[in-house]
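Presented below is the structure to which this report refers.
Just so it is clear, none of the values below were taken in a lab; they were calculated from the coordinates. Since we're looking at a predicted model, the values are computed, not measured. Every residue, glycine as well, gets a Cβ built from its backbone with ideal geometry; the counts of neighbours run over all protein chains shown.
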C-alpha cells in the first residue's frame, strides 16, 4: 500500500510525514521527494510469531511518499490513496486557518489535473472514431462522464463506477483515489473542525503533528507517558494506517510456519485463488485447495492439531472469500 501525502504550503505535511515514518530530516535536506516504508502494526502477527518461533517475521508494509515541490501532483499519481493534510493551527503572520478553503484549493488542482488528462484522451478517441477506427465505446462513455463531472467541480472518487473501472486504471486519476483528510490541529485541540462542503467520499481524522513528531522520537516508556498526558489513544502512525485500511477496503491474512510468519494485504472480497497469487504466482497456477483456520479459532484451540480435532480447520476451493485474520495454507501442484 502506497500513500501519497499532499497539502498546501504551510499545512505541516512534512511534519506529518516525519511523525508517521519516525524519520526526521534536518533543515536543508527536505527539497526532493521522500519515501519511507513502515510495517503495519498488527498484534496478531506478534502472537503468531511467539507461538511458531519462525526464522523470519514479516509484517505487512505501507509506503509513505512525500513529493518534492516540483511537479508534486505527478509524483503521487501512482499512490494507492492520498493523505490530504490541512492546516488547522495558527501561524504568526498568516491568516487564521480556514480548513474548508484550504481543502477546496488543493481539491481543485486535483480536478483540473484530471480534466486535462481526460480531455486529451477523449479528443483522441473522438478523432479516431470520426476516421472510422473502432475504439472502446465503454471507455469513450466513461471519459465523457469523467469530463462532465470534473467540469462540474466533482472529484471522481464520488463516482465508484468510474473510480474503480479497470478501463480507466491506467490514467491514475488523482481525484479518483481514496482520500484521508488529516486536520493538523493545535496541540490542545482534539476535535475535527465542523466544516460543510466536503464531498462525503473522504474519511477525516485529526492529527496534532508536532506532538506526534515528538512522540515518534521517544522510547516506548517515554511514549506511553506522553500518550497518557495528552490523551492520545494510540499513535498517529497506528491510527492513520487503520483508517487507510478501512478507506481502501483492505484486510490481512497470514501464512505461518517454522521458516516464516507473514501478514499479507488484500482487498476485502478477494477469493482464495487470487490470495494465493499474492503469495506467489505458482500457487495460483497449481491451486488445489486452501486450508483455512481463523486467527481467533486458532488461539481458542491452542494448536493446529487441536483445531483439526474441533473441526475448525476447513478445506476451501478457489472461490472461497478470504476473511480478515484467516491463517491460510495453499495446497498446490505445479
What is the extension gain from residue 51 to residue 39, computed as 0.36 nm multiplied by their sequence separation minus the C-alpha to C-alpha distance, in nm to one decimal?
2.3 nm
Would you kindly state how much longer the chain becomes between residue 152 and residue 285 on full extension, computed as 0.36 nm times their sequence separation minus their alpha carbon distance, in nm to one decimal?
43.3 nm
From zero outward in steps of 10 Å, how is the percent of C-alpha pairs of the stretch 224-292 spread across the bins?
16, 35, 25, 16, 7, 1
Mean Cβ count within 10 Å, highest first, over the residues of peptides 7-17, 251-261, 164-174
7-17, 251-261, 164-174
For the pair residue 198 and residue 91, how long in nm is the line joining their label points, each one 7 Å along Cα→Cβ?
2.1
Here FRET efficiency (C-beta to C-beta, residue 61 to residue 144, R₀ 25 Å, nearest 0.05) is 0.05
In deg cm²/dmol and to the nearest 500, what is the mean residue ellipticity at 222 nm of the chain if only DSSP H runs of at least 4 residues count, each as -39500 (n - 2.57), divided by the residue total?
-11500 deg cm²/dmol
Global size of the chain as Cα Rg and Dmax, reported in angstrom:
22.9, 70
Relative to the compact-globule scaling 2.2 N^0.38 Å, provide the ratio for the alpha-carbon radius of gyration of the stretch 269-332.
1.10
How far apart, in nm, are two points set 7 Å out from the Cα along the Cα-to-Cβ line at residue 323 and at residue 124?
4.6
Relative contact order as a percentage, the stretch 96-159, C-alpha pairs under 8 Å and 6+ apart, gives 40
Please list 190-196, 221-227 highest first by mean number of surrounding beta-carbon atoms within 10 Å per residue.
221-227, 190-196
Over all Cα pairs of the stretch 100-176, the Kirkwood radius sets Rh, and Rg/Rh then becomes 1.02
For the modelled label position 7 Å from the Cα of residue 230 along Cα-to-Cβ, which residues of the stretch 89-109 have backbone nitrogen atoms closer than 15 Å?
89-90
Using the 2.2 N^0.38 Å rule of thumb for compact globular proteins, work out how the stretch 192-334 stacks up: its C-alpha Rg over that value, please.
1.38
Normalised contact order of the chain, rounded percent, pairs of Cα under 8 Å and 6 or more residues apart:
19
Report the full-extension gain for the segment residue 22 to residue 188: residue separation times 0.36 nm, less the Cα-Cα distance, to one decimal in nm.
57.6 nm
